[in-house]
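S.K.: For reference, the structure I am asking about is given below.
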Amino acid sequence: MEKYYDVAVIGAGPAGLAAALEARKTGAEKVVVLERDFEAGGILNQCIHNGFGLHYFKEELTGPEYAERFICELHKTDIELKLNTMVLGISRAKHITAVNPQEGVLGIDAGAVVLAMGCRERPRGSLGIPGTRPAGIFTAGTAQRYVNMEGCMVGRKVLILGSGDIGLIMARRMVLEGAEVVACVELMPYSAGLRRNIVQCLDDFDIPLYLSSTITEIRGKHRVEGVVISRVDKDRKPIPGTEKEIGCDTVLLSVGLIPENELSQNAGVEMDMRTKGPVVYENMETSVPGIFACGNVAQVHDLVDFVTMESIRAGRAAAEFAAHGEKEAPFFELYASRGLNYILPQRARMDRIDQFLDVFFRVNDIYKNISIVVKSNGGEIARFKRDYAVPGEMERIRIPKKLLTGNEIEVSLKGGEQE
């Protein structure tokens, strides 16, 4: 089967739903959303805790409630939603090959494509943790799905490696389900999660957080029986003599997220080694004209509200591309310098910026009393002050268009002190 759509969106999570709705609203007549799961909503379906929607809806919602608002809006439109549909590949010409049980293999040609596949968790295999391979080791997201959606308890005495937001939230969830959470162990000297999650999920339940520490051995034959944790030095190497044995029957891994970008690479999209996602312009267009990326496939977000706002921008741009095609325009590069892990967008075109250029980044350590300095061709054009900045929280600055000059923008931190 061969079909044509103005805009094809891959993924029906919060990013894909927002992008599809905005594309239709902007004028794209034929829009399709391709989702490999059996229902729309993505990761939000298993996030039954509250805290979503404070920025976008100005009220506090659970994950399923947040997703439901967009799903209901989608059903009011003529946007086609194909569930149980796995996308196998995308070409630079925006030809999509997919498969589902109803139609078999199908081909889709699109005027524009929006990549909204989200991200996946880093598994044990990528960590190289020594020890046996018993049952009872899960990624935090897998455990969340088992407990919140499948109704299955994953363990009774739990240790969490990593302090990402999902791990912190699952620490609280496991306690509420009757388990004992013996510790949260973090390799870095700071937590990777939001400050509010550290307080609400660890401090409020007296769960100890071991910083600058890691698991150096997992013990157990058929089921996890315990772990050995060790302190690490500034190079993140275990320090001999600091070993500590902790008994547990379950280990949850919350050690980072990886954008799902196999399809992006398949389409020939240029990738950023820092974000592990595509290099994008100010409107979320990738290096391949007509292919856009948004949400966690472009950068790992800490708040779904920002995913929605970013995806609206991508959906609008995709619809405009499908209607008018590509127009050549000069661009300038943006670089992350001292104190920053990455920057997004990595490129921008002056004639497509309205009044401000929104720039997103994460710092590489905990800082107090800093200035975010923006330079153009070596000269300072703007400065933004922050009392506090941490790696677990994404930062945003808005640079006025009138200040953007030259062909290179550098963003860095100046002054302040590291905690």
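The values are calculated or read from the model by the stated rules, or taken from the named source; none is laboratory data. The model shown is predicted, which means the values in this text are computed figures rather than measured ones. Reconstructed Cβ throughout: ideal geometry from the backbone, glycine too, with neighbour counts over all protein chains shown. Quick note on the areas: whole protein, heavy atoms, side chains included, nothing else; ligands and nucleic acids left out. Shrake-Rupley method; radii C 1.70, N 1.55, O 1.52, S 1.80 Å.
S.K.: Please find, within the range 350-381, the residue that is modelled with the lowest pLDDT out of those that are of a type in the set (Gly, Ala, Ser) and surrounded by fewer than 18 Cβ atoms within 10 Å (Cβ to Cβ).
M.R.: Applying the filter and picking the extreme gives GLY378.
S.K.: What tally of residues in the range 329-338 results from selecting those that are closer than 11 Å to VAL411 by Cβ and open to solvent by 10 Å² or more (accessible area, probe 1.4 Å)?
M.R.: Here the count works out to 4.
S.K.: While we're on this one: Please determine, by comparing only the residues of the range 1-27 that are part of a loop (DSSP other than H, G, I, E, B) and out of contact with any strand residue (DSSP E or B) (no Cβ under 8 Å at 6 or more places or on another chain), which one is nearest to HIS301 (Cα to Cα).
M.R.: If we take residues in the range 1-27 being part of a loop (DSSP other than H, G, I, E, B) and out of contact with any strand residue (DSSP E or B) (no Cβ under 8 Å at 6 or more places or on another chain), then GLY13 is nearest to HIS301 (Cα to Cα).
S.K.: If a residue must be part of a loop (DSSP other than H, G, I, E, B) and surrounded by fewer than 17 Cβ atoms within 10 Å (Cβ to Cβ), how many such residues does the range 339-348 contain? Outline the logic, then answer.
M.R.: Taking the range 339-348 as the starting set, the residues that turn out to be part of a loop (DSSP other than H, G, I, E, B) are 339, 345-346.
Still in the running and surrounded by fewer than 17 Cβ atoms within 10 Å (Cβ to Cβ): none.
Residues flagged as part of a loop (DSSP other than H, G, I, E, B) and surrounded by fewer than 17 Cβ atoms within 10 Å (Cβ to Cβ) within the range 339-348 amount to 0.
S.K.: Touching a Ser or Thr at 6+ places or on another chain (Cβ under 8 Å), surrounded by fewer than 19 Cβ atoms within 10 Å (Cβ to Cβ), among the hydrophobic types (A, V, I, L, M, F, W, C) and not in a loop (DSSP other than H, G, I, E, B) - does that describe any residue in the range 76-88?
M.R.: Yes, that holds for at least one residue.
S.K.: If you check GLY220 against the conditions, is it small (Gly, Ala, Ser) and surrounded by fewer than 13 Cβ atoms within 10 Å (Cβ to Cβ)?
M.R.: So GLY220 fails the test.
S.K.: Just give me the residues in the range 409-419 being at pLDDT below 90 and either exposed (fewer than 13 other Cβ atoms within 10 Å of the Cβ) or assigned to a strand (DSSP E or B) (or both), in sequence order.
M.R.: Answer for the range 409-419, where residues must be at pLDDT below 90 and either exposed (fewer than 13 other Cβ atoms within 10 Å of the Cβ) or assigned to a strand (DSSP E or B) (or both): GLY415, GLU417, GLN418, GLU419.
S.K.: Right, another one. Residue by residue through the range 244-270, note down the ones that are open to solvent by 50 Å² or more (accessible area, probe 1.4 Å) and closer than 13 Å to ASN296 by Cα.
M.R.: LEU257
S.K.: I'm told ASP302 meets every condition in (1) open to solvent by 10 Å² or more (accessible area, probe 1.4 Å); (2) farther than 27 Å from LEU54 by Cβ except one. Can you identify the failing condition by its number?
M.R.: So ASP302 meets the others, but not (2).
S.K.: Something else: Working only within the range 147-157, note down all residues that are in contact with a helix residue (DSSP H, G or I) (Cβ under 7 Å, 6 or more places away or on another chain) and under 26 Å from HIS301 (Cα atoms).
M.R.: VAL147, ASN148, MET149
S.K.: Those residues that are of a type in the set (A, V, I, L, M), in contact with a helix residue (DSSP H, G or I) (Cβ under 7 Å, 6 or more places away or on another chain) and open to solvent by less than 20 Å² (accessible area, probe 1.4 Å), I need them from the range 104-146; list them, please.
M.R.: Once the filter is applied, which keeps residues that are of a type in the set (A, V, I, L, M), in contact with a helix residue (DSSP H, G or I) (Cβ under 7 Å, 6 or more places away or on another chain) and open to solvent by less than 20 Å² (accessible area, probe 1.4 Å), the range 104-146 yields ALA112, VAL114, LEU115, ALA116, ALA140, ALA143.
S.K.: Looking at the range 30-42, I want the residues that are over 14 Å from ALA20 (Cα atoms) and have a partner that is of a type outside the set (Gly, Ala, Ser) and surrounded by fewer than 18 Cβ atoms within 10 Å (Cβ to Cβ) with Cβ atoms under 8 Å, at least 6 apart or on another chain. Which pairs are those?
M.R.: ARG36/ASN84; ARG36/MET86; ASP37/LEU83; ASP37/ASN84; PHE38/LEU83; PHE38/ASN84; GLU39/LEU83
S.K.: Quick check: anything in the range 383-399 touching a helix residue (DSSP H, G or I) at 6+ places or on another chain (Cβ under 9 Å), in contact (Cβ under 8 Å) with a residue 12 or more places away in the chain, in a strand (DSSP E or B) and open to solvent by less than 40 Å² (accessible area, probe 1.4 Å)?
M.R.: Among the residues of the range 383-399, not one is touching a helix residue (DSSP H, G or I) at 6+ places or on another chain (Cβ under 9 Å), in contact (Cβ under 8 Å) with a residue 12 or more places away in the chain, in a strand (DSSP E or B) and open to solvent by less than 40 Å² (accessible area, probe 1.4 Å), which makes the answer no.
S.K.: Taking the range 189-221, which residues are closer than 15 Å to LEU253 by Cβ and either free of Cβ contacts under 8 Å to residues at least 12 places away in the same chain or under 22 Å from the mean Cα position of the chain (by Cα) (or both)?
M.R.: Those that are closer than 15 Å to LEU253 by Cβ and either free of Cβ contacts under 8 Å to residues at least 12 places away in the same chain or under 22 Å from the mean Cα position of the chain (by Cα) (or both): ALA192, GLY193.
S.K.: Now, a different point. Looking at (1) within 30 Å of LEU211 (Cα to Cα); (2) open to solvent by 40 Å² or more (accessible area, probe 1.4 Å); (3) not acidic (Asp, Glu), find the lone condition where GLY406 falls short.
M.R.: Going through the list (1) within 30 Å of LEU211 (Cα to Cα); (2) open to solvent by 40 Å² or more (accessible area, probe 1.4 Å); (3) not acidic (Asp, Glu), GLY406 breaks only (1).
S.K.: Within the range 271-291, does at least one residue satisfy the condition of being in a helix (DSSP H, G or I), modelled with pLDDT of 95 or more and either open to solvent by 10 Å² or more (accessible area, probe 1.4 Å) or of a type in the set (Ser, Thr, Tyr) (or both)?
M.R.: No, because not a single residue in the range 271-291 is in a helix (DSSP H, G or I), modelled with pLDDT of 95 or more and either open to solvent by 10 Å² or more (accessible area, probe 1.4 Å) or of a type in the set (Ser, Thr, Tyr) (or both).
S.K.: Can I ask one more? Do you know which residues across the range 28-73 are touching an Asp or Glu at 6+ places or on another chain (Cβ under 9 Å), part of a loop (DSSP other than H, G, I, E, B) and open to solvent by less than 20 Å² (accessible area, probe 1.4 Å)?
M.R.: If the condition is that a residue be touching an Asp or Glu at 6+ places or on another chain (Cβ under 9 Å), part of a loop (DSSP other than H, G, I, E, B) and open to solvent by less than 20 Å² (accessible area, probe 1.4 Å), then ALA28, GLY41, GLY53 are the ones that fit.
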